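Novice: Would you mind keeping the following structure in view while I ask a few things?
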Amino acid sequence: MELLKIICILLILVSLGQAEDIIFFADDHYKSLSDILLNASATNPALSPGDNVLRISIANQGRIEELIPISSSDSPDDILQEQREEMKSSVAMEIRAALQSTGPIQVTSDPQHIALLPAGESGELEFNISIDRRASGWYDLPLRVDYVRQVDVSVSDGEAFPLHQPSNQSLNLRIYSFGDKDDLRIAGVRSHLYPGGEEALIIAVENIGEDIVPNCSASLMAASPFQVKSADHPIGDLSPGEMATASFLVGVDGDASQEEYQLGLGLRSEKMDLVVPFELSLKGSGRLLSHGAILFIALLALLALLAIILRRQNILYGRKRRIKRL
């Protein structure tokens, strides 16, 4: 009967394309069907030439597809423990991430390490990089990620014996260097964004070049805790020395911390496609007062003023009565 179960499991795995990864212990009670899928993205993809710190978010998007019972002929405690241990098959362990230099971008940091990355969670990596002064545009940076995964586990007398297997993934990061030759720059940023709020972010763009920039449009590049809720903003033609503004509706997560964040303004025209980075700090709270609160305070102030006037009138009336008596 157990052999029949194993054959059925193998048939399922063949249909899912996972049969080459399956390993069985002789005394298995459970077999988990799972995968580990790592994904990485730069949280500050737009950088200036020179020395920079590139921050990378790496996430484990794997999951356990199914937990299949195989045998129940053993200690109930061991069977239950093996069920729990099999759930670790989607955890990436002993992660070693190495960012590789490419073209005008040199990586000056050693590989970074993360001990554990369960499915559905993410970690942060930081690499020191140096960008050549002449670099301008988008560049791809290869990220090699080596890790260890649990492919099976056996439990005997309350002790777990996991079987680990090394694995790796090759990822790719895209970063932008805006160089020293861009004709457009950010002249100013107006923001009242705060955690849990939703406000307009207004950015002033200036043409500092010598030629007209035709048919220009702007888009806002932002990662968590920001959510951009506006489409691209058309700017039109920008003559040399001319300025224009782009407005975007932006929401902020309620648990966002009060710190400086880096965002990017994407600018596209018939002659260029660039991203200009800028920093943005969140306010400590939302609007100081709502319209209702302002009206309420104004009413209180008016009532206080009336009370003062009436009090003074009563005092004057009292004085007049005393004078008449005299």
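The values are calculated or read from the model by the stated rules, or taken from the named source; none is laboratory data. Remember, predicted model here, so these are calculated numbers, not experimental data. Virtual Cβ from ideal backbone geometry, glycine too; neighbours counted across all protein chains shown. Just the protein is used for accessible areas: all its heavy atoms, side chains included, with ligands, DNA and RNA removed. Shrake-Rupley method; radii C 1.70, N 1.55, O 1.52, S 1.80 Å.
Novice: In the range 86-96, is there at least one residue being among the basic types (Lys, Arg) and either closer than 16 Å to Asn60 by Cα or not in a loop (DSSP other than H, G, I, E, B) (or both)?
Specialist: Yes, the range 86-96 contains a residue that is among the basic types (Lys, Arg) and either closer than 16 Å to Asn60 by Cα or not in a loop (DSSP other than H, G, I, E, B) (or both).
Novice: Ser90: among the hydroxyl-bearing types (Ser, Thr, Tyr), touching a residue at least 24 places away in the same chain (Cβ under 8 Å) and farther than 30 Å from Thr43 by Cα, yes or no?
Specialist: no
Novice: State yes or no: is Arg190 closer than 29 Å to Gly241 by Cα and either of a type in the set (D, E, K, R) or exposed (fewer than 13 other Cβ atoms within 10 Å of the Cβ) (or both)?
Specialist: Here the answer is yes, as Arg190 does meet what is asked.
Novice: So which residues in the range 208-231 are among the polar types (S, T, N, Q) and either surrounded by fewer than 14 Cβ atoms within 10 Å (Cβ to Cβ) or at pLDDT 90 or above (or both), if there are any at all?
Specialist: Answer for the range 208-231, where residues must be among the polar types (S, T, N, Q) and either surrounded by fewer than 14 Cβ atoms within 10 Å (Cβ to Cβ) or at pLDDT 90 or above (or both): Asn215, Ser217, Ser219, Ser224, Gln227.
Novice: Report yes if some residue within the range 156-164 is open to solvent by less than 30 Å² (accessible area, probe 1.4 Å) and either outside any strand (DSSP E or B) or of a type outside the set (A, V, I, L, M) (or both); otherwise report no.
Specialist: no
Novice: Within the range 158-174, restricting attention to residues that are at pLDDT below 90 and of a type outside the set (D, E, K, R), which residue is farthest from Arg55 (Cα to Cα)?
Specialist: That would be Gly158.
Table: residues versus (1) within 27 Å of Leu263 (Cβ to Cβ); (2) outside any strand (DSSP E or B); (3) of a type in the set (D, E, K, R); (4) open to solvent by 40 Å² or more (accessible area, probe 1.4 Å).
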residue	(1), (2), (3), (4)
Ser109	yes, yes, no, no
Leu125	yes, no, no, no
Arg134	yes, yes, yes, yes
Trp138	yes, no, no, yes
Leu141	yes, no, no, no
Pro166	no, no, no, yes
Ser170	no, no, no, yes
Leu173	yes, no, no, no
Leu201	yes, no, no, no
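Novice: Pro234 passes all but one of (1) surrounded by 14 or more Cβ atoms within 10 Å (Cβ to Cβ); (2) over 30 Å from Ala40 (Cα atoms); (3) free of Cβ contacts under 8 Å to residues at least 40 places away in the same chain; which number fails?
Specialist: For Pro234, the exception is condition (1).
Novice: Select from the range 34-75 the residues that are free of Cβ contacts under 8 Å to residues at least 12 places away in the same chain and open to solvent by less than 20 Å² (accessible area, probe 1.4 Å) and list them in ascending order.
Specialist: Within the range 34-75, none qualify.
Novice: Turning to a different aspect of this structure: Can you run down the residue pairs with Cβ atoms below 8 Å, 6 or more apart or on separate chains, where the first is in the range 125-136 and closer than 15 Å to Arg55 by Cβ and the partner is among the basic types (Lys, Arg) and modelled with pLDDT of 90 or more?
Specialist: These pairs meet every condition: Leu125/Arg55; Glu126/Arg55.
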